[in-house]
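These notes concern the structure reproduced below.
No value in this document is a laboratory result; all are computed from the given coordinates. Because the structure is predicted, anything quoted here is derived from the model rather than measured. As a convention, Cβ positions derive from the backbone with ideal geometry for all residues, glycine included, and neighbour counts pool all protein chains shown.
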2 protein chains.
Amino acid sequence: MPEQPELTIQGWGPPAARVATVAAPEDGAGDDGVLELAPDPDPLTALPKAARKHLSRELGWTPRSTPPVPVRDIRLAPSRLPASARAAFTALLGEDAVADDRPSRLSHAGGKSYLDLLRRRAGDASDAPDAVLTPGSTEQVAALLRTCSDLGVVVVPFGGGTSVVGGLAGTDVDDRPVVSVDLRRMSSVRALDVPSSLVTVGPGMRGPALEQALAPEGLTLGHLPQSWEFATLGGYAATRSAGQSSTGVGRFDDLVAGLTLATPSGVLELGNPPASAAGPDLLGLALGSEGTLGVITELRLRVRPRPRSTHHEGWAFRSWAAGLATLQRLARHDLLPDVVRLSDPDETDANLRQATGAGARVLRGSLRARRRGDGCLLVVGWEGLPTIVRARRAAASSVLRDGGAVRLGTRVGESWVRHRFAAPYLRDRLMSAGLLVETLETAATWTTLPAVYDAVRRALRGALTTGGRRPLVMAHVSHGYPTGASLYVTVLADRDDELPLQQWLTAKRAATDALLAAGGTLTHHHAVGVDHRPWLAQEVGPLGVDVLRAVKQRLDPRGICNPGVLLPD
Amino acid sequence: MPEQPELTIQGWGPPAARVATVAAPEDGAGDDGVLELAPDPDPLTALPKAARKHLSRELGWTPRSTPPVPVRDIRLAPSRLPASARAAFTALLGEDAVADDRPSRLSHAGGKSYLDLLRRRAGDASDAPDAVLTPGSTEQVAALLRTCSDLGVVVVPFGGGTSVVGGLAGTDVDDRPVVSVDLRRMSSVRALDVPSSLVTVGPGMRGPALEQALAPEGLTLGHLPQSWEFATLGGYAATRSAGQSSTGVGRFDDLVAGLTLATPSGVLELGNPPASAAGPDLLGLALGSEGTLGVITELRLRVRPRPRSTHHEGWAFRSWAAGLATLQRLARHDLLPDVVRLSDPDETDANLRQATGAGARVLRGSLRARRRGDGCLLVVGWEGLPTIVRARRAAASSVLRDGGAVRLGTRVGESWVRHRFAAPYLRDRLMSAGLLVETLETAATWTTLPAVYDAVRRALRGALTTGGRRPLVMAHVSHGYPTGASLYVTVLADRDDELPLQQWLTAKRAATDALLAAGGTLTHHHAVGVDHRPWLAQEVGPLGVDVLRAVKQRLDPRGICNPGVLLPD
């Protein structure tokens, strides 16, 4: 097992421990040091000077240093786990697999949404579990769930801890003790069936480790969300993740051929590759269940040969409308590249301002010369067999040119590849400089998408424009389908240091109401968690919610499985 | 609405009415004449003489005339529908939408499995519904289901009536009255969103009518199962159908972007195109629900541009193993053609014997000359944009040649296209000549498929070899996936005229036990119906069955929705 990086308690990374190999660790960091966010000598340098000046003017933002409280100052209530429950867990899993020390509990508190980070940076860990358990097998998880059901202990499954929708909230209306079930000990390749392109893995395995295990066989999974360095395969399944190449490779849903779901009522083996018509699809009930039905303890995933040819490049459109229309035409003819990422004018502008160096200058000049100075940047990528990639690229390029796009070349594409996991690191630094930084996402049919785009932007601007503050709302299409596309929105604003949580909650509520009213889906790939559950009935109907409740009632009659998320109370 | 052909009561077709336009109708055919199987002057001519002689020798079959009883002699019990229920339905739907006349009831009795046809040909219509209702809207269906739930009347949804697994059995342990809810009045295109490639249709619409409606827009659905002339779009969804081009176009599951399901507890609107991560997939619960949760009253389907280029051709392999290994390699590299159909040696031999004319003679000679005389025939087809088809064909052809396949040219492919819907018509004539003719299907991973193939053949041969009889068991791969393929098995045997039902039930039981034990799925695209339900718990586990029961209990608490199928009693 290769050394895996750890997320910090108050942000993404890199942790203090990685910086500590260069500089001496801070005095007094104690046990928590390894999970402490690396101190940024000057958070204001997170952005190039020009971008900083531009943002100050645009947002009404006063750049300022707003670092998190030291990890040692985070408030943590004593564990509420009864000694009898602790003894039962120890008997079941062994002493090493039951932890209620401070670093363990802190590092399993919540996820990585802006709201999570606000709380943690302010020293609040009231959502930390009472203990962290690390079972080692399906049988142990199944026994654990039965025990927890009997004892009235809430179970929050923990994969990578990267949820951005409050999926690890652990809140319970009955205020029962909460254990985090960390699946890190179940993280190996269990079987590989090369002819059938199937790999069987533990749910706690991360993407990089799986890719490393598959590489010698010439295989890849190819699922690359922004959380790739930290998120786990079980987490992808539980949240219906999409990756940056999902337009071509398929959503994570499409890569799951089968899985094992341990529930308080027993173990389900779901999925019959390659396909079955034997009744309704129960596998699809486990995907996106977010821990509310049980714990995913094994996954059978579809892998593929590592692509012999990959090609990323940039194109520029004169307008957002032209870009969308052209992507729609590509989609209709099944010509979408494997990676598709169309930035709106605001995001294009921000990307160019943030880019530094000669390359960026040349690109900006080139766009202006072609009257694309206020246009939209499209990054596309193809992967696969060289002859097929060539034919698809040629056909797609012709559609792109017909749509008025100008080819910018591979440099833009390769730069995107290099920075594909960078945004959450940057977020930490922007948050330390007094900024609100959050994202949200949706999807809609091609016909509805422009209205959803307008509605979300209007709602966010309306909610976040107060007292001299104006938000910057940037968006891009991140995934294309024959019937529509996703929309990923990034928001920057001067943070309200008095009421930062309320500032975002108000904006999020307005944006969600607006996107649902316009015909978007509640979430394209971030899942429901705590943050979206007030709207679930609007998405699937009250009767749809009741169907989910009926399934939960059968599998988890005492309601111990992640009760805080997905289903409204 | 174009004139649509009707299935006959005792078989597939063509009905007597179509023949009657040439010859005068039989005396005394009465009301039932339109649904009577066309009389075959000599059923023994169903096969060319050489094939007939060959089969007699192989099967121990005595060709003989075994026609069905005249439709007027089919026994039909009086309708059990209480007058009060009839009055309630009339009040709800109008007089024209409630029928309990003999032809209506007979033409809605059961489906088109071999067992169904045996019963109907012998004059048994004990599974006929007590009345046939034809609602016209989602609201009417929803009201109807509430009424039936209140009155204790069983509802069997009726689309095309082409089930081959007893999906329309209408059996009920409580022996309540049964109504067939025929969706023919809900069969129009309701909306077309061209940019989003989405069409909204009524569930009673058939494939040919939809293709006719889409053609002027340059669009197609492209779902072409063997039942295409008769089956309905709602039926495809309820049974998780696959079509002959599903390897390329996708299973029907993949074409459903959303649907409306009316249940006794209310109406569900399911599916959020293009994609959503808002909780588990409820759409997948409706797909394959086979009428047990309610009635599908509307579908939102993904359409695509009509292909600019189509190309079908034949190839020959030296052996089944070489054919499977090569398809697996194509699948692994995402190079499978849109149509893939690999016949085993027995099916290849039978196809060549059945083929007549100069073309068939040339092909047989050519195969013998290339030492493929006992080989396997592969039919492949590509559709789409010419440049993409060219690149995919070239890449696939290179893999096929590497696998030892010899190209036979387009004639074989085009002949397959011409006869793609012919088999069920031939079955009628073979049944009239004293033969058992039935099919079954499964799917398995590439690694497991050879064992499943062997096990099924062994089981069928074991069960059907008695007293001088020997079955002919033929198989082909009909759909390919990256992880595996489907297997479609056709069985011919001399019929046991004393105990024909038992003869097949014994064989089916042996085959199903064998394929499940070897790792196949219970059904790849025929659904569960009555015939497969004893094995559902083996497929999804007892807890999986309980989850389905919990969903049914919430939506259909009185158990009126197609109680005879899918879920074991």
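Within the stretch A:535-553, track down each residue that is more than 7 Å from every other protein chain (Cβ to nearest Cβ) and either closer than 22 Å to A:Gly161 by Cα or of a type in the set (D, E, K, R) (or both).
Passing the criteria: A:Arg549, A:Lys552.
If you scan the stretch A:202-216, which residues turn out to be surrounded by fewer than 18 Cβ atoms within 10 Å (Cβ to Cβ) and under 28 Å from A:Val565 (Cβ atoms)?
A:Pro208
Taking B:Arg332 and the conditions (1) in contact with a Lys or Arg (Cβ under 8 Å, 6 or more places away or on another chain); (2) of a type in the set (D, E, K, R); (3) closer than 30 Å to B:Lys552 by Cα, which numbered condition does it fall short on, given that it satisfies the others?
(3)
Could you grab the pairs with beta carbons closer than 7 Å, sequence gap of 6+ or different chains, first residue in the stretch A:41-69 and farther than 16 Å from A:Asp496 by Cα, second one of a type in the set (Val, Ile, Thr)?
Qualifying pairs under 7 Å: A:Pro48/A:Thr356.
Going by the structure shown, is B:Pro103 crowded, with 17+ Cβ neighbours inside 10 Å, of a type outside the set (D, E, K, R) and either closer than 23 Å to B:Ser241 by Cα or touching a His at 6+ places or on another chain (Cβ under 6 Å) (or both)?
When the stated conditions are applied, B:Pro103 does not pass them.
Which number in (1) within 30 Å of B:Leu198 (Cβ to Cβ); (2) more than 14 Å from every other protein chain (Cβ to nearest Cβ) marks the one condition that A:Trp446 misses?
Of everything listed in (1) within 30 Å of B:Leu198 (Cβ to Cβ); (2) more than 14 Å from every other protein chain (Cβ to nearest Cβ), A:Trp446 misses just condition (2).
Would you confirm whether or not the stretch A:474-491 contains a residue that is farther than 30 Å from B:Ser197 by Cα, surrounded by 22 or more Cβ atoms within 10 Å (Cβ to Cβ) and of a type outside the set (D, E, K, R)?
Going through the stretch A:474-491, the residues farther than 30 Å from B:Ser197 by Cα turn out to be A:491.
Next, only the ones that are surrounded by 22 or more Cβ atoms within 10 Å (Cβ to Cβ) stay: A:491.
If we keep only those that are of a type outside the set (D, E, K, R) too, we end up with A:491.
Yes - at least one qualifying residue is present in the stretch A:474-491.
Quickly run through the stretch B:419-462 and pick out the residues that are in a strand (DSSP E or B) and aliphatic (A, V, I, L, M).
B:Leu435, B:Leu436, B:Val437, B:Leu440, B:Ala443, B:Ala444
Let me confirm something: among A:Gly243, A:Gly288, which residue is within 26 Å of A:Asp182 (Cβ to Cβ), touching a residue at least 12 places away in the same chain (Cβ under 8 Å), buried (at least 23 other Cβ atoms within 10 Å of the Cβ) and more than 7 Å from chain B (Cβ to nearest Cβ)?
Going through A:Gly243, A:Gly288 in turn, just one is within 26 Å of A:Asp182 (Cβ to Cβ), touching a residue at least 12 places away in the same chain (Cβ under 8 Å), buried (at least 23 other Cβ atoms within 10 Å of the Cβ) and more than 7 Å from chain B (Cβ to nearest Cβ): A:Gly243.
Take the stretch A:217-240 and flag every residue that is in contact with a His (Cβ under 9 Å, 6 or more places away or on another chain) and either charged (D, E, K, R) or surrounded by fewer than 21 Cβ atoms within 10 Å (Cβ to Cβ) (or both).
First pass over the stretch A:217-240, keeping only residues in contact with a His (Cβ under 9 Å, 6 or more places away or on another chain): A:225, A:233, A:236, A:239-240.
Of everything in the stretch A:217-240, just one residue is in contact with a His (Cβ under 9 Å, 6 or more places away or on another chain) and either charged (D, E, K, R) or surrounded by fewer than 21 Cβ atoms within 10 Å (Cβ to Cβ) (or both), namely A:Arg240.
Would you mind telling me which numbered condition in (1) in a loop (DSSP other than H, G, I, E, B); (2) surrounded by 20 or more Cβ atoms within 10 Å (Cβ to Cβ) A:Val199 fails?
Just one mismatch for A:Val199, condition (1).
Considering only the stretch B:72-85, state which residues are within 25 Å of B:Leu35 (Cα to Cα) and surrounded by 14 or more Cβ atoms within 10 Å (Cβ to Cβ).
B:Arg72, B:Ile74, B:Leu76, B:Ser79, B:Arg80, B:Leu81
Taking the stretch B:480-506 as the search range and keeping residues that are closer than 23 Å to B:Gly166 by Cα and within 14 Å of chain A (Cβ to nearest Cβ), which one is nearest to the chain's Cα centre (by Cα)?
B:Tyr488
To keep it simple, each residue is scored yes or no on (1) closer than 19 Å to B:Arg251 by Cα; (2) surrounded by fewer than 24 Cβ atoms within 10 Å (Cβ to Cβ); (3) over 21 Å from the mean Cα position of the chain (by Cα); (4) more than 10 Å from every other protein chain (Cβ to nearest Cβ).
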residue	(1), (2), (3), (4)
B:Arg306	yes, yes, yes, yes
B:His311	no, yes, yes, yes
B:Ser343	no, no, no, yes
B:Thr348	no, no, yes, yes
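So that you can scan it fast, the table gives a plain yes or no per residue for (1) basic (Lys, Arg); (2) in contact with a Pro (Cβ under 8 Å, 6 or more places away or on another chain); (3) more than 7 Å from chain A (Cβ to nearest Cβ):
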residue	(1), (2), (3)
B:Gly519	no, no, yes
B:His524	no, no, no
B:Val528	no, no, no
B:Arg533	yes, yes, yes
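Quick check on my filter: what residues within the stretch B:379-402 are away from chain A (no Cβ under 12 Å) and either more than 17 Å from B:Thr247 (Cβ to Cβ) or within 24 Å of the chain's Cα centre (by Cα) (or both)? Outline the logic, then answer.
Here is the first cut: in the stretch B:379-402, the residues away from chain A (no Cβ under 12 Å) are B:379-382, B:400-402.
Result: B:Val379, B:Val380, B:Gly381, B:Trp382, B:Arg401, B:Asp402.
Hey, any hits in the stretch A:213-226 for a residue that's in a strand (DSSP E or B) and over 20 Å from B:Thr483 (Cβ atoms)? I'd like the intermediate steps shown before the answer.
At the first step, the residues of the stretch A:213-226 found to be in a strand (DSSP E or B) are A:219-220.
This time we only want the ones that are over 20 Å from B:Thr483 (Cβ atoms), so: none.
Taking every residue of the stretch A:213-226 in turn, none turns out to be in a strand (DSSP E or B) and over 20 Å from B:Thr483 (Cβ atoms).
Regarding B:Arg558, is this residue at the interface with chain A (Cβ under 10 Å from one of its Cβ atoms) and basic (Lys, Arg)? Walk me through it before giving the result.
Numbers: at the interface with chain A (Cβ under 10 Å from one of its Cβ atoms): no; basic (Lys, Arg): yes.
It is false that B:Arg558 is at the interface with chain A (Cβ under 10 Å from one of its Cβ atoms) and basic (Lys, Arg).
Restrict the check to the stretch A:294-302 and report whether at least one residue is basic (Lys, Arg), within 12 Å of chain B (Cβ to nearest Cβ), within 21 Å of B:Leu330 (Cβ to Cβ) and touching a Leu at 6+ places or on another chain (Cβ under 7 Å).
The first filter runs over the stretch A:294-302 and keeps only residues basic (Lys, Arg), leaving A:300, A:302.
Then keep just the ones that are within 12 Å of chain B (Cβ to nearest Cβ); that gives A:300, A:302.
Those left that are additionally within 21 Å of B:Leu330 (Cβ to Cβ): A:302.
Right, trim to touching a Leu at 6+ places or on another chain (Cβ under 7 Å) and you get A:302.
There is at least one residue in the stretch A:294-302 that is basic (Lys, Arg), within 12 Å of chain B (Cβ to nearest Cβ), within 21 Å of B:Leu330 (Cβ to Cβ) and touching a Leu at 6+ places or on another chain (Cβ under 7 Å).
What are the pairs, 6+ residues apart or on separate chains, where a residue within the stretch A:101-115 that is assigned to a loop (DSSP other than H, G, I, E, B) has its Cβ under 6 Å from a residue that is surrounded by fewer than 22 Cβ atoms within 10 Å (Cβ to Cβ) and of a type in the set (D, E, K, R)?
Once the first residue is assigned to a loop (DSSP other than H, G, I, E, B) and sits in the stretch A:101-115, its partners that are surrounded by fewer than 22 Cβ atoms within 10 Å (Cβ to Cβ) and of a type in the set (D, E, K, R) give A:Ala109/A:Asp127; A:Gly110/A:Asp127.
Which count do you get for residues in the stretch B:247-267 that are buried (at least 24 other Cβ atoms within 10 Å of the Cβ), over 20 Å from the mean Cα position of the chain (by Cα) and either at the interface with chain A (Cβ under 7 Å from one of its Cβ atoms) or among the aromatic types (Phe, Trp, Tyr) (or both)?
Residues meeting the conditions: 1.
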